[in-house]
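K.L.:
Attaching a single structure in structure tokens format; questions to follow.
The values are calculated or read from the model by the stated rules, or taken from the named source; none is laboratory data. Quantities reported herein were computed from a predicted structural model and do not represent experimental measurements. For neighbour counting, all protein chains shown are included, and Cβ atoms are generated from backbone atoms with ideal geometry for every residue, glycine included.
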Amino acid sequence: MLDAATELIARHGPNGVGLRRVADAVGVTHGLVTHYFGTYDALVQAVLRRENERQRERLRERMRADQGVPYSEGMTRVLFETLADERYVRLWAWSMLHAEGPGSVSEGLSGFVDAMEAGIRIVLPADRMPDRARIEAVVLLGLSASYGFALGKRSWLTGLGHDPAEPAHEAAFRTALASVLAGHLEGKS
């Protein structure tokens, strides 16, 4: 059911699907889908939790490959790789617009900051270690800029006279963002 819901939501957007449509796609009754998920919002949240976990696992794999927390360029590269999945970005944007308090969208953010802090402790001497508030600010800046770019890059780059399909524009933005984030993390801004 989650696979079918994920595919339908990716194709039609979260507002263009309902429990009945998911049931039809899977070949089960509407009542069975309702039994497992209760409401359509609960089904969308289940899809989002699963997609978020997939993205977190990709981040964990990258951290293991980088032998620690990705730092500046590595962190932005991971974010931009995640945001290359337009299906995920659409689902994420919908969940942000329909959030009613704390929910699964923000699950793990504090843990991510904890991991960032632990990784930074490995690479920076104690006298250059940023405080928790600075690390949180860098994470929020990175997420905001990355997600904003993912949502608006087509129209923004087109509006600037650039081809949004040209990878060099995204690479230049990612490099600039990494530089800004690293500078702020190190207290240079």
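K.L.:
Would you mind telling me which numbered condition in (1) part of a loop (DSSP other than H, G, I, E, B); (2) at pLDDT 80 or above; (3) on the phi < 0 side of the Ramachandran plot Gly161 fails?
P.N.:
(3)
K.L.:
Also, I was wondering about something else. Quick check on Pro130: is it at pLDDT 75 or above and outside any helix (DSSP H, G or I)?
P.N.:
Yes; evaluated as a whole, the condition is true for this residue.
K.L.:
Please verify whether segment 34-46 includes one or more residues that are more than 17 Å from Leu143 (Cα to Cα), β-branched (Val, Ile, Thr), at pLDDT 80 or above and in contact with an Asp or Glu (Cβ under 9 Å, 6 or more places away or on another chain).
P.N.:
No: zero hits.
K.L.:
Name, by its number, the condition in (1) under 23 Å from Ala84 (Cβ atoms); (2) surrounded by 13 or more Cβ atoms within 10 Å (Cβ to Cβ) that does not hold for Val22.
P.N.:
Checking Val22 against (1) under 23 Å from Ala84 (Cβ atoms); (2) surrounded by 13 or more Cβ atoms within 10 Å (Cβ to Cβ), the one that fails is (1).
K.L.:
Return yes when Gly13 is outside the structural domain of Val123 (by TED's automatic domain parsing), surrounded by fewer than 17 Cβ atoms within 10 Å (Cβ to Cβ), more than 17 Å from Val113 (Cα to Cα) and modelled with pLDDT of 85 or more and no when it is not.
P.N.:
The answer is no for Gly13.
K.L.:
Identify the single condition in (1) within 18 Å of Tyr147 (Cβ to Cβ); (2) modelled with pLDDT of 75 or more that Ser104 does not satisfy, given that it satisfies every other one.
P.N.:
Condition (2) is where Ser104 drops out.
K.L.:
For Gln67, all conditions in the list (1) part of a helix (DSSP H, G or I); (2) at pLDDT below 80; (3) among the polar types (S, T, N, Q) hold save one; what is the number of the exception?
P.N.:
All conditions pass for Gln67, except number (1).
K.L.:
For the structure I just gave you, tell me whether Lys153 is of a type in the set (Lys, Arg) and within 21 Å of the chain's Cα centre (by Cα).
P.N.:
yes
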